[in-house]
Amino acid sequence: MQSRYRALIKPLAIALATVTVLSACGQGAQQGAGGAPGGPGMPSVGVIVAEASSVPLVSELSGRTTPFMVAELRPQVSGIVHKRLFTEGSEVKAGQTLYQIDPATYQAAYDSARASLARAEANLYSARLKAERHAELVKIEAVSKQANDDAIAALKQAEADLAAARAALDKAKIDLDFTRVASPISGRIGRSTVTPGALVTANQADSLATVQQLDPIYVDLTQSTGELLQMRRALEAGKLKPVGDQSVPVRLVLEDGSLYAAEGKLAFSEVSVDTGTGSVTLRAIFPNTKGELLPGMYVRARLVQGQAEEAILVPHAAVSRDPRGNATVMVVGAEDKVEAKVVQTARSQGDKWVVTEGLRAGDRVIVEGLQKVRPGVQVQAQPLAPVAAAGAPVVSK
């Protein structure tokens, strides 16, 4: 009986000893996890060191290209189109004849006006001689004063007739010249709306063709009034520094995502707000020597509208929003404990936020491992390489 009892007690004692050893190991592991800083259970995060600098604030605005000059050709006289003297889609020069309207009737009117001028000149010559003779004869009372007055009046009438004849000749010459429809500007001409043999009328509503000067070319951009007001308040508060009196450089991003080779400059800003969109139009001018930009193209423009002094660039991944909508970042503070800071972001620039308030130079901002931490938790901070933290900001050159 005692041997059977001993046989049951021995395995039970071994099992209790095993449980005691495992429990001791578990307590040791827990002490290692929550013990001194740097323990193996402490979460590791990737951080970047905040650096304050003067950051150019680059706005990316949408817009469309607009010709530098546009001329719609319309006839100034009525008649039959005799010739079309250009190739559709070609380059034309200022003063180049594009259409020839049948000049026969206008040539006849010009010849008639010239003959009328010659007759008026002859009448003036005769009236002048008569007036001169009467002026001498009236002195010796060879003619009456009434006859002398009539001679003077006839002279003035002849002078007026001559002036009217010259004006009629000038008008006939202008009409004759208008039978040549010339281009007022240099540029590219579009399709023709008429062919030889078509009847056109003076000052008709429909244009014959359109000439557009595309080098240089305008780009009309739109910016919301909210952004403009925010920028002006920042300038007044001293948070932003104006670009300066020099022309603002502008770069274009085309519809396929490529960067337009030539750099433009800001020409002017509209003085009124579009009531339909609540935006202001900015106009930039670009060289277009290769004709790559065509009227009506959709583009995006990047332009520097100010300098943020003592600003800090923080990657998008490091910024989150609290329940109130405030932008917050997690930083590694004293004793390697996580702290949450509310920051003020001016705008997004490339893959980074421009932070103007809430951070100081030297703060260790957490970029990687945010899902593993919360405020007050002690962490291991691992510096990230600049390229790994975020790409370079987008700044117009």
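The values are calculated or read from the model by the stated rules, or taken from the named source; none is laboratory data. A quick note: this is a predicted structure, and the numbers were derived from the prediction, not measured. Cβ coordinates were reconstructed from backbone atoms using ideal geometry, including for glycine residues, and neighbour counts include every protein chain displayed.
Looking only at segment 250-262, which residues are at pLDDT below 90 and either surrounded by 14 or more Cβ atoms within 10 Å (Cβ to Cβ) or not assigned by TED's automatic domain parsing to the domain that holds Ala301 (or both)?
If the condition is that a residue be at pLDDT below 90 and either surrounded by 14 or more Cβ atoms within 10 Å (Cβ to Cβ) or not assigned by TED's automatic domain parsing to the domain that holds Ala301 (or both), then Val250 is the only one that fits.
Quickly run through segment 72-101 and pick out the residues that are of a type outside the set (S, T, N, Q), crowded, with 16+ Cβ neighbours inside 10 Å and farther than 18 Å from Gly291 by Cβ. Can you show your working first?
Taking segment 72-101 as the starting set, the residues that turn out to be of a type outside the set (S, T, N, Q) are 72-75, 77, 79-86, 88-89, 91-95, 98-99, 101.
Still in the list and also crowded, with 16+ Cβ neighbours inside 10 Å: 73-75, 77, 79, 81, 84, 86, 92, 98-99, 101.
Selection gives Leu73, Arg74, Pro75, Val77, Gly79, Val81, Arg84, Leu98, Tyr99, Ile101.
Name the residue that is modelled with the lowest pLDDT, counting only residues in segment 307-326 that are small (Gly, Ala, Ser) and surrounded by 20 or more Cβ atoms within 10 Å (Cβ to Cβ).
First, the residues of segment 307-326 that are small (Gly, Ala, Ser): 308, 311, 317-318, 320, 325.
Then drop every residue that is not surrounded by 20 or more Cβ atoms within 10 Å (Cβ to Cβ), which leaves 308, 311, 318.
Numbers: Ala308: 73, Ala311: 81, Ala318: 89.
Among those residues, the one meeting the criterion is Ala308.
Looking at Leu137, is it in contact with an Asp or Glu (Cβ under 8 Å, 6 or more places away or on another chain) and not acidic (Asp, Glu)? Please lay out each step first, then the result.
On the way: in contact with an Asp or Glu (Cβ under 8 Å, 6 or more places away or on another chain): no; not acidic (Asp, Glu): yes.
When the stated conditions are applied, Leu137 does not pass them.
Given the criterion out of contact with any helix residue (DSSP H, G or I) (no Cβ under 7 Å at 6 or more places or on another chain), surrounded by 12 or more Cβ atoms within 10 Å (Cβ to Cβ) and not β-branched (Val, Ile, Thr), identify the matching residue among Ser116, Ser112. Walk me through how you get there before you give the answer.
Details: Ser116 fails: out of contact with any helix residue (DSSP H, G or I) (no Cβ under 7 Å at 6 or more places or on another chain).
Of the residues listed, the single one that is out of contact with any helix residue (DSSP H, G or I) (no Cβ under 7 Å at 6 or more places or on another chain), surrounded by 12 or more Cβ atoms within 10 Å (Cβ to Cβ) and not β-branched (Val, Ile, Thr) is Ser112.
Confirm whether Gly350 is exposed (fewer than 13 other Cβ atoms within 10 Å of the Cβ) and of a type in the set (Gly, Ala, Ser). Write out each step before concluding.
Working: exposed (fewer than 13 other Cβ atoms within 10 Å of the Cβ): no; of a type in the set (Gly, Ala, Ser): yes.
No.
Take the residues in segment 282-317 that are β-branched (Val, Ile, Thr) and out of contact with any Gly (no Cβ under 8 Å at 6 or more places or on another chain), then tell me which one is farthest from Val354 (Cα to Cα). Steps first, answer last, please.
Keep residues of segment 282-317 that are β-branched (Val, Ile, Thr), which gives 285, 289, 299, 304, 312, 314.
Next, from what is left, pick out any that are out of contact with any Gly (no Cβ under 8 Å at 6 or more places or on another chain): 289, 304, 312, 314.
Working: Thr289: 36, Val304: 14, Ile312: 6, Val314: 7 Å.
My answer is Thr289.
Ile48 versus (1) part of a strand (DSSP E or B); (2) touching a helix residue (DSSP H, G or I) at 6+ places or on another chain (Cβ under 6 Å); (3) farther than 30 Å from Val331 by Cα: which is the lone unmet condition?
Failed condition: (3).
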